[in-house]
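Peer 1: Quick one: the structure is below, and I'll ask about it shortly.
The values are calculated or read from the model by the stated rules, or taken from the named source; none is laboratory data. Keep in mind that what you see is a predicted model, and the values were worked out from it rather than measured. Counting neighbours? That spans all protein chains shown, and the Cβs are built from the backbone with ideal geometry, glycine included. Just the protein is used for accessible areas: all its heavy atoms, side chains included, with ligands, DNA and RNA removed. Shrake-Rupley method; radii C 1.70, N 1.55, O 1.52, S 1.80 Å.
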Amino acid sequence: MGAIDEVEVASYGSYESVGGDWADIAREAEEIGEEHIVVNLGPVHPATHGVLRLQFELDGEYVREVKASTGFLHTGIEKNMEYRTWTQGVAYCTRMDYVAPTFQEVAYCLAVEKLLGITDQIPERASAIRVLLMELTRISSHIVAVGSAGNELGATTMLTLGFRAREDILRIMEDITGLRMNNEFIRPGGVLEDLPAGGTDYIRELLPKIRLTISEMMDLTLDNPIFKIRHEDVAVSPLSSMMALSMTGPSLRAAGLPADLRKTQPYCGYEKYEFDVPLRDKADAYTRAVVRFEEALQSIRICYQVLDELDRTEGQPVMIEDKKIAWPARLSIGSDGQGSAPEHVEEIMTQSMESLIHHFKLVTEGFRVPAGQAYQLVEHAKGILGVHVVSDGGTRPYRAHFRDPSYNNLQSLALMSEGSFLADTIMALAAIDPVMGGVDR
């Protein structure tokens, strides 16, 4: 039979077994009176918005060791992008973190624009639309994070309220892009189409409802004694540990570090908008929830400023003027949904053979990107999202790789869980707010 060298017993000490068989080891463990078992949580969806497996070694109700096992939602998105045009890559990366799809689209297009050398040529109105969609997506991501965390504790009302506000945001998304999720609306060179007629008025009509729902969620939770007992001093992570593990996002800001790329390395014109970076002094589950609530309110503040900007720039282009890059389609909303505008179809099919040829070549083959590589960072709702794209001079990416914040942040689960109760591990996982589509890619 075999033997083990040393077994740690939670935080109560250790005993050594340097020889003998398992019967002796089991008898010694029985005399100490501690029970160690290994159990699996999953593969399931415990506040992860995707399939995750957790492997626990338990000492009674205490977590002695926990390992996160990923890969159950692997889609091969990054590899598939190598076989599609640069523009088609947007349809793939938007499906990574499907709770916050706009960030992947923007980051990827910004990286492609760096390779093309057209960063300074992006229309002002297109950048404003990008900011508007990102901030609406940030609100949606944060309220889903807090709402699903509450649902894991049995507070179903938190989830239903969160989805009420999310539904209003998805209505705005559908009005602008034609789709509720995985919008594929951001394109290299700008955005696919301008806002529909009356778009800014419609958003202004819904934003107060979204703010009201967020306020209602805050009233139900932040002073609720049950919520505070389950969140305060739970899933604590020191700032030094988070830095060592490359964590970013609300967790860092909950620990007091004002790390927000919108302030430190602005992109898409964020330097024009006024907003604050919410901070707290201890990263536990409670302060992370507070930071997410406050960031959602700051995002609403940014949205109102962007709407004023869009009113000011009404009628201006939303796509780069270079026809070798600009997406040639023109869309309209018809009785059968969103599709090519009849005027555009008439032009390319009956009036101009050159337009038809250009449309066909650009859509089927795509534009060529000069050889080189670029790296772009954006402040995703869950932390820093990085995109590394490599071109060999062709019409498809030679390589596209994403630094997804959920993947890096998930490393902290063991740090926050080991030594605590099993029930608190669920709160630790919810506080990280991982989306497994982004983790596995």
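Peer 1: For the chain, what is the accessible area per residue in Å² when the probe is 1.4 Å?
Peer 2: Details: 19160 Å² over 441 residues.
On a per-residue basis, 43 Å².
Peer 1: Sticking with this structure for a sec: Quick one: angle between helix 199-221 and the longest Cα principal axis of the chain, in degrees between 0 and 90, rounded to 10, please.
Peer 2: Tilt relative to the chain: about 10 degrees.
Peer 1: Once the whole set of protein chains is in place, how much accessible area is left on ARG180, using a 1.4 Å probe, in Å² to the nearest 10?
Peer 2: Spelled out: ARG180, probe radius 1.4 Å, area about 90 Å².
Peer 1: Around ARG138, with a cut-off of 9 angstrom between Cβ atoms, what is the net charge of the other residues, counting Lys and Arg +1 and Asp and Glu -1?
Peer 2: It works out to a net charge of -3.
Peer 1: Lys and Arg at +1, Asp and Glu at -1: add these up for the other residues within a Cβ distance under 15 Å of PHE227 and post the number.
Peer 2: Value of the local net charge: -4.
Peer 1: How tilted is helix 22-32 with respect to the longest principal axis of the chain? Cα atoms for both, answer in degrees (0 to 90, nearest 10).
Peer 2: 80
Peer 1: How do the peptides 369-382, 300-313 rank, highest first, by the average count of neighbouring beta carbon atoms within 10 Å per residue?
Peer 2: 369-382, 300-313
Peer 1: Moving on to the next point. Which sequence of GLU61, GLU174 reflects their accessible areas, 1.4 Å probe, from the largest down? Please report the intermediate quantities before stating the final value.
Peer 2: On the way: GLU61 110, GLU174 90 Å².
Ranked list, largest accessible area first: GLU61, GLU174.
Peer 1: Summing +1 for each Lys or Arg and -1 for each Asp or Glu, what net charge is found among the other residues whose Cβ lies under 15 Å from the Cβ of GLU295?
Peer 2: Local net charge: +3.
Peer 1: Enumerate the calculated ³J(HN,Hα) couplings along region 243-257 in order (Karplus 6.51 cos²θ - 1.76 cosθ + 1.60, θ = phi - 60°), each rounded to whole Hz, writing x wherever the residue is Gly or Pro.
Peer 2: Couplings: 5, 5, 9, 6, 6, 9, x, x, 4, 5, 5, 5, 8, x, 8 Hz.
Peer 1: In terms of modelled amide H atoms, which long-range or inter-chain residues lie less than 5 Å from the amide H of ARG53?
Peer 2: Residues meeting the amide H criterion: SER69.
Peer 1: Next question. Pop a pseudo-label 7 angstrom from the Cα along the beta-carbon direction at both ALA91 and ASP120 and give the gap in nm to one decimal.
Peer 2: 3.5
Peer 1: Another question, then. Output the relative contact order of region 152-265, whole-number percent, from Cα pairs under 8 angstrom with separation of 6+ residues.
Peer 2: Dividing the mean separation by the residue count of region 152-265 yields 20 percent.
Peer 1: Sort 107-115, 160-168 by the packing proxy (mean of other Cβ within 10 Å over each peptide's residues), most packed first. Can you show the working numbers first?
Peer 2: Details: 107-115: 23.9, 160-168: 19.1.
Result, highest mean Cβ count within 10 Å first: 107-115, 160-168.
Peer 1: Quick one: 3J(HN,Hα) in Hz for region 81-97, Karplus 6.51/-1.76/1.60 with θ = phi - 60°, rounded, Gly and Pro as x.
Peer 2: Coupling constants for region 81-97: 5, 5, 10, 10, 5, 4, 5, 5, x, 4, 5, 8, 5, 5, 8, 6, 8 Hz.
Peer 1: Also, I was wondering about something else. When only Cα pairs under 8 Å and 6 or more residues apart are kept, what is the percent relative contact order across the chain?
Peer 2: RCO, the chain: 24 percent.
Peer 1: Counting only residues 5 or more places away or on other chains, whose amide H sits under 5 Å from the amide H of GLY190 once H atoms are built in the peptide plane?
Peer 2: Result for GLY190 returns ILE320.
Peer 1: Could you please state how large a percent of the accessible area of the chain is carbon and sulfur, counting protein chains only and using a 1.4 Å probe?
Peer 2: About 52 percent, which is the carbon plus sulfur part of the accessible surface.
Peer 1: Beyond a 22 Å Cα-Cα separation, which of these cross-linked pairs lie in this structure: LYS228/LYS282; LYS324/LYS361; LYS67/LYS282?
Peer 2: Violating the 22 Å Cα-Cα cut-off are LYS67/LYS282.
Peer 1: Could you give the angle, 0 to 90 degrees to the nearest 10, between helix 124-152's Cα long axis and the longest principal axis of the Cα atoms of the chain?
Peer 2: 30
Peer 1: When you count, for each residue, the other Cβ atoms within 10 Å and take the mean per peptide, how do 64-72, 395-403 rank with the highest first?
Peer 2: Ranking, from highest mean packing down: 395-403, 64-72.
Peer 1: In addition: Could you give each residue of region 292-306 its phi-based ³J(HN,Hα) in whole Hz, using Karplus coefficients 6.51, -1.76, 1.60 with θ = phi - 60°, and x for Gly or Pro?
Peer 2: Each residue of region 292-306 in turn: 5, 4, 5, 5, 5, 5, 5, 5, 4, 4, 5, 4, 4, 5, 5 Hz.
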